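Asker: Sharing a structure with you now.
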Amino acid sequence: MSIETIIPADSTSPAEAVAALSDEEIFASHQGGKLSISSSVPLASKRDLSIAYTPGVAQVSRAIHANPELAKTLTWAQRLVVVVSDGTAVLGLGNIGASASLPVMEGKSALFKAFGELDSIPLVLNTTDVDAIVETLVRLRPSFGAVNLEDIAAPRCFELEEKLIEALDCPVMHDDQHGTAVVVLAALTNAAKVTGRTLGSLRVVVSGAGAAGIAVAEILLTAGISDVVLLDSRGTISKDRADIAADPASKKAQLAARSNPRGVTGGPGEALLGADVFVGVSSSKLDEEHLKLMNHSSIVFALSNPDPEVLPEVASKYAAVVATGRSDFPNQINNVLAFPGIFRGALDAGARRITPAMKLAAARAIAELAEDELSADYIVPSPLDPRVAPAVSAAVAAAAEAE
């Protein structure tokens with residue numbers, strides 16, 4: 001699939017393209033699904049058949065049997081990404097099940113091909129049992145080279161990713177966590193420059209303690225931002241909060257031990273008082289009065305889709321830089337900036353895991369592509385910028401080879 005088939009060539013803007021969509025057009029484009037398999041070798045003659053299939057293919061199978069490493073170069077498995085979901089946290093639709101999640105996973109596979117030049121297939125599973133999913137993928141391991149976890153509800157997504165990383169000898173990444181986090185870090189790196197700050201000096205509030213929120217907080221801490229306060233539906237996450245202290249093995253408890261160095265308690269008002277940055281990755285709305293509590297020239301990333309936590313026209317009254325997850329506003333924080341290049345770089349390097357250093361390298365590469373034209377309305381490149389995936393994959397491969 002080419003990039004041109006994703007964004008209509010005759011649209012004058014993403015907003016107009018979306019506005020022009022009709023149910024008839026959408027459903028027609030999904031008839032039969034969005035993916036197909038095509039042969040990479042000719043099959044026009046008996047000789048072609050003898051090489052691609054019997055008897056020639058037997059020679060290849062014998063060679064792989066004698067030396068299993070040859071499967072990496074003589075099959076597509078090493079370059080194949082499986083997009084795995086149980087359908088429990090699909091877009092903004094929630095737990096809609098495996099079958100209903102399949103159109104989304106097909107779309108993700110199409111993005112891998114268009115932006116990362118990687119073959120990809122969706123695997124949706126009729127189970128929410130973590131161990132069953134791990135066992136299934138372990139059994140299927142000879143068929144693929146990497147696992148992209150997608151739209152799996154928290155907190156099971158944390159356990160599943162951790163168990164798969166240990167069980168499989170190939171790259172595994174939950175994109176809802178780490179793809180979002182990488183692009184947020186890239187955008188924040190440049191937003192800090194636009195507002196005359198350094199990353200290390202920022203006071204950041206992350207609203208939402210699900211998969212994306214926890215991953216964003218973790219990558220910001222890893223990048224050297226020490227003052228990160230995380231909010232969930234009960235308020236600020238603190239090691240002294242009773243429900244968190246009662247479950248010391250939870251992700252929230254682990255993060256509480258590393259974040260909120262000033263011991264902020266309360267809700268959004270207390271957290272945002274004197275804050276430089278708001279990152280929204282939840283469905284909670286941000287009150288305009290709370291924006292007034294933030295420092296001058298603040299930074300607001302309202303990333304909930306399709307409805308941001310606060311509309312850009314409201315946020316821009318108080319913030320110097322505003323970003324959303326939508327394509328019809330400036331500064332779209334879009335995972336497609338990250339995941340194709342991250343997986344491509346990991347596979348190019350033959351990496352077994354996608355490490356924190358590789359994610360930081362991806363964020364730096366994305367940020368650097370916007371530096372020449374940096375402004376309040378341009379802190380990350382467009383998802384359609386053809387430079388992005390090659391730059392990210394090269395940076396990730398270099399980081400992997402350095403480790």
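Asker: So what's the back-of-envelope 222 nm ellipticity for the chain, counting only DSSP H runs of four-plus at -39500 (n - 2.57) apiece and dividing by all residues, rounded to 500? Intermediate results must be reported in sequence, preceding the final value.
Answerer: Details: 18 runs with 172 residues, N = 403.
That comes out to -12500 deg cm²/dmol.
Asker: A follow-up question, please. Where Lys and Arg each count +1 and Asp and Glu each count -1, what net charge lies around Val228 among other residues with Cβ under 12 Å from its Cβ?
Answerer: Details: positive: Arg203, Arg258, Arg262; negative: Glu218, Asp227, Asp276.
Residues near Val228 contribute 0 overall.
Asker: Go through region 77-171 and name the GluC sites (Glu not before Pro) that are in a DSSP coil and have 13 or fewer other Cβ atoms within 10 Å of their Cβ. It would help to have the intermediate numbers written out before the result.
Answerer: Numbers: sites: Glu106, Glu117, Glu135, Glu150, Glu159, Glu161, Glu162, Glu166; in loops: Glu117, Glu150.
Answer in residue order: Glu117.
Asker: Quick check on region 265-386: of the DSSP beta bridges with both residues there, what percent are antiparallel, nearest 5%? List each step's numbers first, then the result.
Answerer: Values: 1 of 11 bridges.
So the antiparallel bridges in region 265-386 amount to around 10 percent.
Asker: Probe of 1.4 angstrom, ligands and nucleic acids ignored: what's the accessible area per residue over the chain, in square angstrom? Intermediate values should be presented prior to the final figure.
Answerer: Numbers: 18840 Å² over 403 residues.
Here the residues of the chain average 47 Å² of exposed surface.
Asker: Nearest 10 degrees, 0 to 90: what angle lies between the long axis of helix 98-116 and the longest principal axis of the chain (Cα atoms)?
Answerer: Tilt of helix 98-116: around 80 degrees.
Asker: Whole angstrom only: what separates the Cα centroid of region 249-278 from the Cα centroid of region 283-316?
Answerer: 17 Å
Asker: Shifting gears a bit: Roughly to the nearest percent, how much of the accessible area of the chain is carbon and sulfur, given a 1.4 Å probe?
Answerer: Values: 10310 of 18840 Å².
Solvent-exposed carbon and sulfur of the chain make up 55 percent of the total.
Asker: Contact order normalised by length for region 129-205, with contacts defined as Cα pairs under 8 Å and 6 or more residues apart; what percent is it?
Answerer: Values: 47 pairs, mean separation 21.8, N = 77.
Relative contact order comes out at 28 percent.
Asker: Take the Cβ-Cβ distance between Lys317 and Glu159 as r, set R0 to 51 Å, and report the resulting FRET efficiency rounded to the nearest 0.05. Let's see the in-between values first.
Answerer: Numbers: r = 42 Å, r/R0 = 0.82.
Given R0 = 51 Å and the Cβ-Cβ separation, E is 0.75.
Asker: Which one of Ile366, Val147, Ser99 is farthest out on the positive end of the charge dipole of the chain, using unit charges on Cβ (Lys, Arg +1; Asp, Glu -1) and the Cα centre as origin?
Answerer: Val147
Asker: What does DSSP give for the chain in terms of the percent of beta bridges that are antiparallel, rounded to the nearest 5? Before the final figure, lay out the partial values.
Answerer: Values: 4 of 36 bridges.
Taking every DSSP beta bridge with both residues in the chain, the antiparallel ones total about 10 percent.
Asker: Now for a separate question. State to the nearest 20 debye the size of the charge dipole of the chain about its Cα centre, where the only charges are +1 on K and R beta carbons and -1 on D and E beta carbons. Don't jump to the answer; show the numbers that get you there.
Answerer: On the way: 32 positive and 48 negative charges, 216 e Å.
Dipole of the chain, to the nearest 20 debye: 1040 debye.
Asker: Please work out the FRET efficiency for the pair Ser38 and Leu374, using the Cβ-Cβ distance as r and a Förster radius of 51 Å; give the result to the nearest 0.05.
Answerer: Efficiency computed from Cβ-Cβ geometry: 0.80.
Asker: What is the ratio of the Cα radius of gyration of region 245-346 to 2.2 N^0.38 Å, with N the residue count, to two decimals? Write out the running numbers ahead of the final one.
Answerer: Values: Rg = 15.9 Å, N = 102, 2.2 N^0.38 = 12.8 Å.
It is 1.24.
Asker: Relative contact order of the chain, please, whole-number percent, based on alpha carbon pairs below 8 angstrom and at least 6 residues apart.
Answerer: Answer for the chain is 14 percent.
Asker: Still on this model: Per-residue counts of other Cβ atoms within 10 Å, averaged by peptide: what ranking do you get for 274-281, 191-198, highest first?
Answerer: Details: 274-281: 24.8, 191-198: 17.8.
Result, highest mean Cβ count within 10 Å first: 274-281, 191-198.
Asker: Return the subset of Lys317/Lys359; Lys285/Lys359; Lys193/Lys359 for which the Cα-Cα distance in this structure is over 24 Å, preserving the input order. Present the calculation step by step, with values, prior to reporting the outcome.
Answerer: On the way: Lys317/Lys359 33 Å; Lys285/Lys359 29 Å; Lys193/Lys359 20 Å.
Among Lys317/Lys359; Lys285/Lys359; Lys193/Lys359, the Cα-Cα distance tops 24 Å for Lys317/Lys359; Lys285/Lys359.
Asker: Of Val204, Val396, Leu230, which is farthest towards the positive pole of the chain's charge dipole, taken about the Cα centre with +1 and -1 on the beta-carbons of Lys, Arg and Asp, Glu respectively?
Answerer: Val396
Asker: Sort all Cα-Cα distances of region 297-403 into consecutive 10 angstrom bins from zero, then give the percent of pairs in each bin up to the one containing the longest distance.
Answerer: 16, 39, 29, 14, 2
Asker: On a straight-distance basis, which lysines could pair with Lys239 in a cross-link, Cα separation under 24 angstrom, same-chain partners fewer than 8 positions away excluded?
Answerer: Lys251, Lys252
Asker: Let me ask something else about it. Any idea what the relative contact order of region 199-294 is, in percent, if you count C-alpha pairs under 8 Å spaced at least 6 apart? Intermediate values should be presented prior to the final figure.
Answerer: Numbers: 167 pairs, mean separation 33.1, N = 96.
It comes to 34 percent, rounded to a whole number.
Asker: What's the angle, to the nearest 10 degrees (0 to 90), between helix 356-369's Cα axis and the longest principal axis of the chain?
Answerer: That helix lies at roughly 80 degrees to the long axis.
The values are calculated or read from the model by the stated rules, or taken from the named source; none is laboratory data. All of these numbers come straight from a predicted model, not from anything done at the bench. Heads up, the Cβs are rebuilt from the backbone with ideal geometry, glycines too, and the neighbour counts pull from every protein chain shown. Each accessible area value is taken on the protein alone, full model and side chains, heavy atoms only, with ligands, DNA and RNA left out. Shrake-Rupley method; radii C 1.70, N 1.55, O 1.52, S 1.80 Å.
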